[in-house]
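Engineer: Would you mind keeping the following structure in view while I ask a few things?
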Amino acid sequence: MRRRPHIPSWLPVDPFILGLLATVGLAALLPARGAAAPVAEGASTGAVALLFFLYGARLSTREALDGLRHWRLHLTVLACTFVLFPLLGIAAHTLVPTLLTPPLYSGLLFLCLVPSTIQSSIAFTSIARGNVPAAICAGSFSSLLGIFLTPVLAAVLLGNDGGGFSLDSVLKIVLQLLLPFVLGQTLRPWVGGFLVRNKKVLGYVDRGSILLVVYTAFSAGMVAGIWHQVSVPRLGALMAVEAVILTVMLLVTWYGAKRLGFTREDRIAIQFAGSKKSLAAGLPMASVLFGPQASLAVLPLMLFHQMQLMVCAVLARRRAQDPQDPQAAEAAELPADRVAEVSRTAQHPAPQAR
């Protein structure tokens, strides 16, 4: 009998990433043109609003309020997300135009400005036996603050490259992201039980929303004819720069948190929440801020998203095997397919039942 191919445990296979690639291919072959373009854009806007409504409905209000007690941890994560990351993005300007073209650099800098993730921060912190409630709150606070901070930072650092930043842009982002989130929080007592019972089905809603935003953004890029600006060597250089940025942030969040006196569990939450960037939040923001250039602007974010999932899947397993963890023996027995599943779990963790 033929044996099934063995997938190395250090190489997480993420069907969602395959879906992203397929969506980009579909946008290249059949982009939304003419009358179909505004329809796709409207559907994308509605899908993102639904996505953030679900985020708000899943987060326990009591858990968020309890998380405020860890204010040093949250300030550390916010400093990593909105101070250290942008500083690295600014430093990368020295690579223009030798390694990065100006449009790719704008996308790289935008990547450094978007908030942290909620889903993957929770999933990896849980597997590494870290402070999961802190990761939930840190990711949520970062996402909410990013609704305001990311457009402001983009206006200051990107200037005209930001594609028409204005107060109207901020209002659009608030209406599209923050308002649905608040509505979800308000309705949570009535819809929370339904979300818990149907979390697997709603996971497809999450991913489908992001795929629809990707299709709309890349369709606009195809119609505008911007892809001739990107070459394979430039993409390779971009990935190398992103690998350096991710490495620096993983080291700073781990050893910097140690110098600040955080416990091991808190350091794990800081590392996974402070080194990540949110594809779900970044895509709709880029659509508003960059307009027709959004497809090229989000390319660095999409590459970084896959890179951070793969690297952090390996790192979470190593943290779980730390002998200082009293549950290390149990964690070390995690099967290889559990690590391969991390990327899928990171897209849609189980809601916290209350």
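The values are calculated or read from the model by the stated rules, or taken from the named source; none is laboratory data. If you're wondering where the values come from, they're calculated on a predicted model, not measured in any experiment. In this analysis, Cβ positions are derived from the backbone assuming ideal geometry, glycine residues included, and neighbour counts consider all displayed protein chains. For accessibility, only protein heavy atoms count, side chains too; no ligands or nucleic acids. Shrake-Rupley method; radii C 1.70, N 1.55, O 1.52, S 1.80 Å.
Engineer: Taking the conditions exactly as written (closer than 13 Å to Gly282 by Cα, polar (S, T, N, Q) and touching a helix residue (DSSP H, G or I) at 6+ places or on another chain (Cβ under 9 Å)), does Ser142 satisfy them or not?
Structural biologist: yes
Engineer: Oh, and also: Return yes when Met222 is surrounded by fewer than 21 Cβ atoms within 10 Å (Cβ to Cβ), at pLDDT below 85 and assigned to a helix (DSSP H, G or I) and no when it is not.
Structural biologist: Answer is yes for this residue.
Let's see how each residue does on (1) over 30 Å from Ile122 (Cβ atoms); (2) modelled with pLDDT of 75 or more; (3) assigned to a loop (DSSP other than H, G, I, E, B):
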| position | (1), (2), (3) |
| --- | --- |
| Ile7 | no, no, yes |
| Ile17 | no, no, no |
| Thr23 | no, yes, no |
| Gly34 | yes, yes, yes |
| Pro38 | yes, yes, no |
| Phe53 | no, yes, no |
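Engineer: Still on this structure, I have one more. Before we move on, is Pro12 part of a loop (DSSP other than H, G, I, E, B) and either open to solvent by less than 40 Å² (accessible area, probe 1.4 Å) or at pLDDT 75 or above (or both)?
Structural biologist: For Pro12, the condition - part of a loop (DSSP other than H, G, I, E, B) and either open to solvent by less than 40 Å² (accessible area, probe 1.4 Å) or at pLDDT 75 or above (or both) - is met.
Engineer: Which one is least open to solvent (accessible area, probe 1.4 Å) among residues in the range 173-204 that are among the polar types (S, T, N, Q) and in contact with a helix residue (DSSP H, G or I) (Cβ under 7 Å, 6 or more places away or on another chain)?
Structural biologist: That would be Gln176.
Engineer: Could you please tell me which pairs satisfy a Cβ distance under 6 Å, a separation of 6+ or placement on different chains, a first residue in the range 248-264 that is under 21 Å from Gly89 (Cα atoms) and open to solvent by less than 60 Å² (accessible area, probe 1.4 Å), and a second residue that is assigned to a helix (DSSP H, G or I) and among the β-branched types (Val, Ile, Thr)?
Structural biologist: The qualifying pairs are Thr253/Ile270.
Engineer: For the range 241-298, which positions are over 18 Å from Ser120 (Cβ atoms) and part of a loop (DSSP other than H, G, I, E, B)?
Structural biologist: Once the filter is applied, which keeps residues that are over 18 Å from Ser120 (Cβ atoms) and part of a loop (DSSP other than H, G, I, E, B), the range 241-298 yields Leu260, Gly261, Phe262, Thr263.
Engineer: Can you pull out the residues in the range 91-111 that are more than 20 Å from the chain's Cα centre (by Cα) and either buried (at least 17 other Cβ atoms within 10 Å of the Cβ) or among the aliphatic types (A, V, I, L, M) (or both)?
Structural biologist: Ala91, Ala92, Leu95, Val96, Leu99, Leu100, Thr101, Pro103
Engineer: Same structure again: Only one residue in Val152, Val156, Val83 is more than 20 Å from Ala297 (Cβ to Cβ) and open to solvent by 10 Å² or more (accessible area, probe 1.4 Å), so which one is that?
Structural biologist: Exactly one of Val152, Val156, Val83 is more than 20 Å from Ala297 (Cβ to Cβ) and open to solvent by 10 Å² or more (accessible area, probe 1.4 Å), namely Val83.
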